[in-house]
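In what follows, a structure is listed as structure tokens, so that the remarks can point back to it.
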Amino acid sequence: MNRIVVGTDGSATSTAALRWAAATADGLGADLEVVRAFRYPPALHDWAAVPSNYGFLPELPAEDVVERGVHDELADLVATELRDRDVTVRVLRGHPAEVLIEAGKDAAMLVVGRSGHGALSDLLRIGSVARTCIEHAPCPVVVVPAAP
């Protein structure tokens, strides 16, 4: 086994997947690649508000600002959860399932959490990203439930 890819979005289940993937990579002597997808433009609640004659108007943040913010969040998560472990961290633009499926090419396995952010995913037994990865990834997929 040469490389394990784990997808994370900062949710509890993806953090559990990150921990599981790191322990498995250590046990197998594999490299660990941590991947986070981001969408651009971001959701409206992530936009800035600028004053105008009409009150406040939304202002679309620059793509590099959004990407840097996502990268910083991911770097903080990896530093907190994995401490000094040597990992590859990648932030990629696109739909999370598509990004993870692409990242899974030539990987020994792809690890994802059961479900991530989103009200609908809380109602389902498995999230849409995990389900899509199971159905389309070019490598074995491990779905990790939330930590107890």
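We did not get these values from a lab; they are worked out from the coordinates using the rules stated. Please read all numbers here as calculations on a predicted model, not as lab measurements. Don't worry about glycine lacking a Cβ; one is built from the backbone with ideal geometry, like all the others, and counts go over all protein chains shown.
With 0.36 nm allotted per residue and the present C-alpha distance subtracted, the residue 28-residue 44 stretch has 1.5 nm of extension available. The computed Cα Rg over 2.2 N^0.38 Å for the structure shown corresponds, within (1) 0.95; (2) 1.12; (3) 1.17, to (2). The charge dipole of region 3-144, taken about its Cα centre with unit charges on the Cβ atoms of Lys, Arg (+1), Asp and Glu (-1) only, comes to about 420 debye.
Under the simplified labelling scheme, the residue 72-residue 90 pair shows an inter-label distance of 2.4 nm, with each label point 7 Å from Cα along Cα→Cβ.
For the residues 20, 47, what sequence is obtained by ranking on other C-beta atoms within 10 Å, fewest first?
In order of increasing Cβ crowding within 10 Å: 47, 20.
Go ahead and run the numbers for FRET between residue 79 and residue 105, Cβ-Cβ distance against an R0 of 35 Å, rounding to 0.05. Efficiency, from the Cβ-Cβ distance: 0.80. Dividing the summed helix terms, -39500 (n - 2.57) for each DSSP H run of n ≥ 4, by the number of residues in the chain produces a 222 nm estimate of -12500 deg cm²/dmol to the nearest 500.
Among 64-75, 48-59, sorting by the average number of other beta carbon atoms lying within 10 angstrom of each residue, highest first, gives 64-75, 48-59. When both bridge partners sit in the chain, DSSP labels roughly 20% of those beta bridges antiparallel. With the simple model of a label 7 Å out from the Cα in the direction of the Cβ, residue 62 to residue 2 spans 3.7 nm. Summary of the geometry: region 1-24 and region 26-53, compared by the centres of their Cα atoms, lie 16 Å apart.
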